[in-house]
Amino acid sequence: MAMKNEREFLLKKTIGVLYGGWSSEREISICSGMTVIESLKRQGFVVKGIDVDRNFIKKLRGIDIAFIALHGKPGEDGTIQGILEFLGIPYTGSGVVGSAIGMDKIISKYIFESRGIPTPEYYYEKEIDVDKIIEKLGLPVVIKPRSEGSSVGVFIVETREDLVKKIKSVTRKYPDIFFEKYINGKIATCGILNEIPLPILEIAPKRRKFYDYKSKYTKGMTEYIIPANLPEDKYKLTQSLALLAHQAIGAYGFSRVDFVFDTDHNPYVLEVNTIPGLLSESNLPLEARAIGLNYDELIFEILKTALIRIREKY
């Protein structure tokens, strides 16, 4: 199905913006959803906001396309995508497989390693052995839940005693965790849009040790530098690795790839976010703005990622 005028075609459709959910990122997802709804309405689209709860399927009646603005489970891990596939509703962004892999940091690391994409060393075992963690990764070390976003449940610990305590407290809420080598360097993100890397955004938290939840969502707590202050060869390498990581996990349309750098500016991929934050000042919109794409234009580009699934229906 060829579409000569994509905008004209989409203006005739009812767009359901899915937001909320019940993950630890619910509040941010609501904000992303509301911002997307405002943008689509400004552009003249017919929009229905859908706050995703456990009975949300009946709310999907009457929509032609789902614009997914959910973060975390079940919106970013392939669950919602699978339901939409079953119901025959085209949706934005990555499919079931790419979403599920992107949400799973361990499977992502396995894939990065198999493709030669640098990622920080890690320890992941069902039976946690503190001495083996320290032997392999040293101290300080990073604790991460296997499948959470927005730095939820992420901690840097500096001593063996703190590591033992933190394992106990974190696993009460997030039983599936892993440990990652702490790399004390810059952090940055590189968005992907339509399979093209965007400018790299350097992230500099002002008063905290790393880019945690509070640094991400508290105004004034983080400085964003774009383009990132990196040597030209490392800058180009980072962009190429971002695209490789995006493609390796099977992401589609858009994503945001997070990096940490060592003291020699060598990049290491932390993860691929298949539905990054979509507030007007979130990382992906800032990166799009750096190439002259305003927020409404970015949202339209993301909306167009549903067209591949519309074409498959006809």
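Values quoted throughout were computed directly from the atomic coordinates according to the rules given, and no laboratory measurement underlies them. Since the structure is predicted, the reported quantities are computational estimates derived from the model, not experimental observations. Cβ coordinates were reconstructed from backbone atoms using ideal geometry, including for glycine residues, and neighbour counts include every protein chain displayed.
Dipole magnitude for the range 256-314: computed about the Cα centre from +1 point charges on Lys and Arg Cβ and -1 point charges on Asp and Glu Cβ, it is near 480 debye. List, in the order given, every pair from LYS132/LYS165; LYS173/LYS206; LYS166/LYS186; LYS41/LYS73 whose Cα-Cα distance in the structure shown is over 22 Å. Beyond 22 Å: LYS173/LYS206; LYS166/LYS186; LYS41/LYS73. Charged side chains reduced to their Cβ positions (Lys and Arg at +1, Asp and Glu at -1) give the chain a dipole of some 940 debye around its Cα centre. Net length available on complete extension from GLU297 to LYS136 is 53.4 nm, with 0.36 nm assigned per residue and the Cα-Cα distance removed.
Distant-in-sequence amide contacts of VAL47, defined by a placed amide H-H separation under 5 Å and a gap of 5 or more residues or a different chain, comprise ILE15. Here the gap between LYS12 and GLU127, fully extended at 0.36 nm per residue and compared with their Cα-Cα distance, gives a gain of 36.0 nm. Look at where the Cα atoms of the range 267-301 and of the range 107-152 average out, and the two centres are 26 Å apart. Over the residues of the chain, the helix contribution to mean residue ellipticity at 222 nm works out to -11000 deg cm²/dmol, using -39500 (n - 2.57) for each DSSP H run of at least 4.
Remark: the range 1-145 carries a charge dipole of roughly 800 debye about the Cα centre, counting +1 on each Lys and Arg Cβ and -1 on each Asp and Glu Cβ. Sort the range 13-146 into rounded, prolate or oblate with this rule: let a ≥ b ≥ c be the square roots of the eigenvalues of the Cα gyration tensor; rounded if a/c is under 1.5, and if a/c is not under 1.5, prolate when a/b is larger than b/c, oblate otherwise. Verdict is prolate for the range 13-146. Each Lys or Arg adds one and each Asp or Glu subtracts one; over the other residues with Cβ under 13 Å from the Cβ of GLY78, this totals -3. For the chain, averaging the sequence separation of C-alpha pairs within contact (under 8 Å, six or more residues apart) and dividing by the residue count gives a relative contact order of 20 percent.
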